[in-house]
Every structure is written in structure tokens, then in C-alpha cells.
1. Inside segment 488-524, can you point out the residues that are within 17 Å of S461 (Cα to Cα) and either open to solvent by 70 Å² or more (accessible area, probe 1.4 Å) or modelled with pLDDT of 90 or more (or both)?
2. Given the options R213, R150, name the one that is out of contact with any Leu (no Cβ under 8 Å at 6 or more places or on another chain), part of a helix (DSSP H, G or I) and closer than 30 Å to G91 by Cβ.
3. For segment 162-181, state whether one or more residues are closer than 18 Å to E359 by Cβ and open to solvent by less than 10 Å² (accessible area, probe 1.4 Å).
4. What residue, of R15, R40, R24, is open to solvent by 10 Å² or more (accessible area, probe 1.4 Å) and without any contact (Cβ under 8 Å) to a residue 12 or more places away in the chain?
5. Considering only residues that are assigned to a strand (DSSP E or B) and open to solvent by less than 10 Å² (accessible area, probe 1.4 Å), look in segment 47-66 and name the one that is nearest to A108 (Cα to Cα).
6. Quick one: in segment 216-257, which of the residues that are among the basic types (K, R) and in a loop (DSSP other than H, G, I, E, B) is nearest to K188 (Cα to Cα)?
7. Of all residues in segment 329-375 being hydrophobic (A, V, I, L, M, F, W, C) and under 19 Å from the mean Cα position of the chain (by Cα), which is most open to solvent (accessible area, probe 1.4 Å)?
Amino acid sequence: MDCFETAAELQRWLRAHFPKENERHEWKEWDSLKSNISGRKGGDLVSYISALANMEGGCIVIGAQDRTLAPTGIQDFADYTTENLVHRVLGKTPGLPSLGLHVQELQARDTGAVVWLVHVPRHAPREPVLAHDKAWQRDGDSLVELRDDRRRAILAEHLAGEDWSAAVVPDATLDDLDETAVAKAREKYFEKHQREPWAAQIPLWSPEKLLDRIGLTIHARVTRAGLLLLGRPERATALLSPHPVEMTWKVATERVAEHFHPPFLLTTTALAQRIRNPNIKLFPANELLAVTLPRYDTNTVLLEGLHNCLAHQDYAQGGRIVVEESTGLVRMINLGGFFDGQPDEYASGTRTPERYRNERLAKAMAEVGMIDKVGFGIHDMVLAQRRRFLPLPDYEGSSPLRTVFNVYGQEIDENYSHWLMERTDLPIEHVLWLDRVQKKQRLDAAQVAELRRAGLIEGRSPRLHISARLAVALGQEVEYLDNKGLDAKHYKALVLDLLALGPQRRAKINAMLLSKLPASIASDRSRKVYIKNLLQDMVREGSIENAGGATNAALWRLRQKN
């Protein structure tokens with residue numbers, strides 16, 4: 001048991017570690033375990049364990065107040081202990097891994113309140129976790145039966161040791177490979193190994209020896225990876241059927257598209273060159289002349305992104321790689337969720353991949369210079385965009401079933417983007433998170449807290465905005481005040497001034513305040529909700545009252561004194 005001197009100290013610890021209910025954290029203010037461990041379907045502990053396990057695992061806090069996490073304590077343990085609970089849960093949740101499932105007990109010495117943390121492991125690959133004969137997942141504040149898209153994602157997960165690309169294709173021979181592609185593979189392999197004492201022999205090797213060394217054949221038998229990178233288009237397509245080995249470039253607004261097939265060692269370059277790449281002009285801060293550069297970095301960003309799609313595509317799903325081009329944006333989509341870690345870990349350069357979905361294909365692509373196999377590829381793409389004063393690439397739109405890689409070819413916010421790219425003293429993690437703020441994308445609570453501590457952002461999630469210190473540096477004082485808005489007391493004073501002229505309908509109050517609210521409250525609906533809450537707050541303070549009916553019939557006036 002872990003003890004805390006006071007309940008307040010325990011509460012602070014809980015709030016720091018489990019700040020928000022979501023797909024990883026669940027709070028339960030249960031004072032009795034008697035009917036809550038395995039009782040009501042969709043509302044008991046085993047149902048919530050199924051829901052967390054069917055995502056990425058997590059933790060369930062029992063015995064703490066909802067929202068505040070104030071330790072209320074478990075009063076009735078029935079006959080459950082931290083030891084036997086694990087065994088009972090495993091008996092009620094088919095598919096749940098036992099490794100990682102454990103119960104941690106916390107206690108506040110001053111009140112005696114006991115809180116349990118049930119740590120839930122992630123499901124095993126391709127095996128949903130059941131409770132009451134159903135697989136569950138979280139939907140807002142409640143649980144629902146596992147949705148079809150999530151079930152498909154679980155059933156399509158990679159199994160350890162499985163490698164689609166390593167399979168030998170029985171009917172394939174070296175005659176099915178493109179001679180130009182084989183020659184290019186020899187050239188690129190020599191470039192990579194030119195410092196080796198045996199490098200001078202590479203031009204003399206037979207095709208069989210060369211391809212075995214690269215890893216595209218096994219004892220001269222052609223693998224699926226070999227057909228992907230070097231295959232003649234018609235032969236590779238036929239031999240790898242029913243898997244559509246194809247990359248599609250598309251511009252939806254113009255209703256144009258083009259398909260690219262093996263040998264991908266050559267045709268990925270052709271696809272990258274198909275993407276429109278005119279010169280653009282940027283005006284970096286502190287420089288008088290514009291910088292003219294291509295919209296996209298073809299080698300470091302476009303080709304690296306395409307090659308990552310090729311290396312990580314889940315070919316077993318039977319789909320193609322799609323490249324969607326629109327004004328200032330290229331989206332590269334491959335089947336299969338992001339593999340081995342999270343994108344930000346690679347963007348910051350802190351992670352080295354431990355495994356690949358297509359290990360043989362990835363190894364061969366590294367041997368011929370198509371990808372980096374130690375985790376610097378994404379990091380290099382991020383640095384390339386930063387040096388070009390453009391928004392950073394990201395993976396917004398990805399899901400467990402597909403990976404979406406977005407490359408930006410134009411600025412989103414001129415001043416902010418320039419500041420973001422030119423502050424070389426910032427840690428790369430802060431640059432990544434601030435780029436997400438620029439794009440109005442979500443950050444998790446820990447990231448927001450760190451940026452706030454550094455004085456880089458203000459506002460409340462999800463309406464975060466640039467801080468005053470940075471706004472002044474950028475000459476964005478007006479934009480800052482527009483985003484920040486006035487204090488609530490100023491809006492209340494305006495309401496009181498209006499009502500001093502006589503009772504008013506809500507429409508009049510809206511007309512006065514809507515245009516004055518901060519720009520960070522973007523939608524008209526959100527602004528009206530803010531005004532509604534403001535009026536209710538003033539009622540509680542005793543300064544105004546409703547002399548009419550509800551909603552549209554409301555008539556607001558100053559509080560009448562008896």
C-alpha cells in the first residue's frame with residue numbers, strides 16, 4: 001500500500017496522473033465493490049476493463065469523486081482483495097492478457113480513505129477483450145459494444161514474427177524483374193557500401209548474389225519485396241494478385257488521377273515528380289528580400305514520405321497507397337495504423353524503430369537508399385520543413401486502420417509561422433506542439449501544461465492562442481487581445497448598463513455582446529452559450545433576474561429590491 005499524509009495530497013497526486021477521463025483513464029466513485037466488479041453489463045468494472053483493453057489499455061481509479069478526484073474511499077470491499085481481484089477479473093474477461101493487469105492500493109492517513117488503481121493492459125494482437133460475452137469500447141461518458149471499424153483494426157493487427165513481404169512467390173523468377181531497376185539497385189547498393197573492402201566486387205556479382213545480399217531474394221527465389229521494388233509492372237501485378245500493388249496520385253478538384261506500379265524503386269520518383277511543385281515566395285522575419293523556393297522538398301520530404309508509405313503499407317488488407325494533392329497540401333495514405341510508437345517520438349528524433357510491419361522490405365529499401373532504418377527519416381522531414389519556414393508535416397487524420405501523412409506547401413499564419421521556424425532555441429518538442437496550436441489541432445493536457453509553464457500559450461483548451469510575450473515580439477498585440485478578450489466583469493458591466501435602460505430580451509443582449517466576445521470563441525453557438533452562462537452567473541450573484549418565461553420568453557431586468 002502507498003500512503004499519503006493527507007487526502008488533499010492524494011487528490012493532487014491523482015489529478016496529476018489522471019487529469020481527464022478518456023479512452024485511457026476512468027474514474028469510479030464506488031464506495032462498495034460488492035456489485036460493481038461483475039454486475040451490470042456496460043457499467044461494471046469488467047466492462048470498463050474490456051473497453052480500456054480494446055484501445056491501448058489504461059487505468060481505472062476506484063474510490064475517488066468524479067471530476068474532482070477527491071478521495072472518498074472504498075467502504076465495502078466485500079470479499080475482494082488486491083490479489084484475488086486480478087484472478088476474478090481474468091475469469092470474467094476472455095482475451096485479457098494477464099501480464100500488466102494489477103491493482104495498486106493508495107491510502108490517505110488523515111481520513112483513512114482507500115483508493116484502488118486497476119491497471120489494465122492492452123489487448124493481445126488480433127484478439128478483442130470480452131466482458132459479458134461482448135467486446136466494449138468507450139463512447140463519451142458511457143460504454144457501447146465495440147464498433148465495426150475498431151474491431152476490424154484489432155483483427156488486422158500485426159502478429160510478432162509475421163512479415164508479408166518476406167514470402168517467396170512460387171512462380172516468380174529473375175526474368176520477372178525489370179533490368180533497369182536491377183541495375184539501379186546495384187548502383188544504390190554500391191553507394192551505400194562503397195567503403196567496405198569488398199565493394200569493388202559488387203559490379204561483378206551475379207544478379208542472384210546481388211539480390212540475395214540486398215534481401216530481395218532468398219537463394220535466388222524472388223520474394224514479394226523483390227517484386228514490389230524491382231518487378232516488371234505486368235508480371236508483379238499478376239504474381240502478387242489479389243493484392244493490388246499500386247500507388248495512386250489524385251487531384252480531386254481537377255478530376256485527374258494516375259496509377260503507378262512496380263518497380264517502385266523507379267516509379268516512386270516518377271510519382272513524386274508528378275506532384276505540382278511551383279516556386280513560392282516567403283518573407284522571413286528580419287530579411288528584406290523574399291526567399292524563392294519550390295513548394296515541396298522533393299527528396300527529403302516527398303520521396304521519404306512515399307517510401308515510408310511503401311515500407312509500412314499493410315498489404316494483407318488488399319488496398320493501394322493513395323496520394324491526394326490539393327492547393328498547398330499533399331496527403332499520403334497507406335493502410336495500417338502507425339507502426340511501432342507515436343509520430344512525435346520520431347519527429348523529435350528520440351526513438352529508434354524496434355520492428356517493422358514489413359521487415360524484409362524495409363531492410364531491402366534501406367540497402368538501396370530508399371529509407372532510413374534508424375528512425376531519422378521523420379525527424380529529417382520535420383527539420384526540412386522548419387528550415388523552409390513552412391508548417392511541419394503531421395499525421396492528422398490517421399486511425400488504427402490507416403496512416404495519413406500530411407505535407408504542407410504553404411503558410412497557415414505568416415507571422416506565427418515565421419516565429420515558429422526561426423526560434424532555434426526552442427526544444428523540438430515545443431516546436432511540434434506549437435505547430436499543432438497553429439493548426440488548431442488538439443494537444444494533450446501534459447503538453448498544454450508544459451507550453452503554459454514556458455509562457456508560450458494562453459487560453460483554455462481547445463481555444464489556445466499565442467501568449468502576450470510572443471505577441472509583442474511578433475507585432476501581434478491586436479490579434480492577441482482579440483483572442484484573449486475582456487474579463488467577464490467587463491461583459492457583466494455592459495449587461496448592467498443595458499438593463500439600466502429597462503428590461504431586455506435575450507436577442508438584444510446577444511446583439512450587444514456577440515461581436516465583443518474574444519476571437520478564440522469561434523462559433524456562433526459557442527458565443528451564445530457563453531452569454532447564457534454569463535447571465536446565469538449574474539443571477540447567482542443577485543444582480544439580475546428573469547421576469548419572463550424560459551428561453552425565448554425570457555425578459556431580463558435588474559434585480560428588484562424589496
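1. The answer is A522, and nothing else.
2. Sole residue among the options that is out of contact with any Leu (no Cβ under 8 Å at 6 or more places or on another chain), part of a helix (DSSP H, G or I) and closer than 30 Å to G91 by Cβ: R150.
3. Within segment 162-181, one or more residues are closer than 18 Å to E359 by Cβ and open to solvent by less than 10 Å² (accessible area, probe 1.4 Å).
4. R40
5. Among those that are assigned to a strand (DSSP E or B) and open to solvent by less than 10 Å² (accessible area, probe 1.4 Å), it is A64.
6. Here the answer is R232.
7. Step by step, filter segment 329-375, then rank; the result is F338.
For (1) modelled with pLDDT under 90; (2) in contact with a strand residue (DSSP E or B) (Cβ under 9 Å, 6 or more places away or on another chain); (3) not small (G, A, S), each residue gets a yes or a no:
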residue: E325; (1), (2), (3): no, yes, yes
residue: G328; (1), (2), (3): no, yes, no
residue: P343; (1), (2), (3): yes, yes, yes
residue: V374; (1), (2), (3): yes, no, yes
residue: A384; (1), (2), (3): yes, no, no
residue: L390; (1), (2), (3): yes, yes, yes
residue: D394; (1), (2), (3): no, yes, yes
residue: P400; (1), (2), (3): yes, no, yes
residue: L426; (1), (2), (3): yes, no, yes
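The values are calculated or read from the model by the stated rules, or taken from the named source; none is laboratory data. Keep in mind it's a predicted model, so treat the numbers as computed, not measured. A quick note on method: Cβ atoms are made from the backbone with ideal geometry, for glycine too, and the neighbour counts reach across all protein chains shown. These area figures cover heavy atoms from the full protein model, side chains too; ligands, DNA and RNA do not enter into them. Shrake-Rupley method; radii C 1.70, N 1.55, O 1.52, S 1.80 Å.
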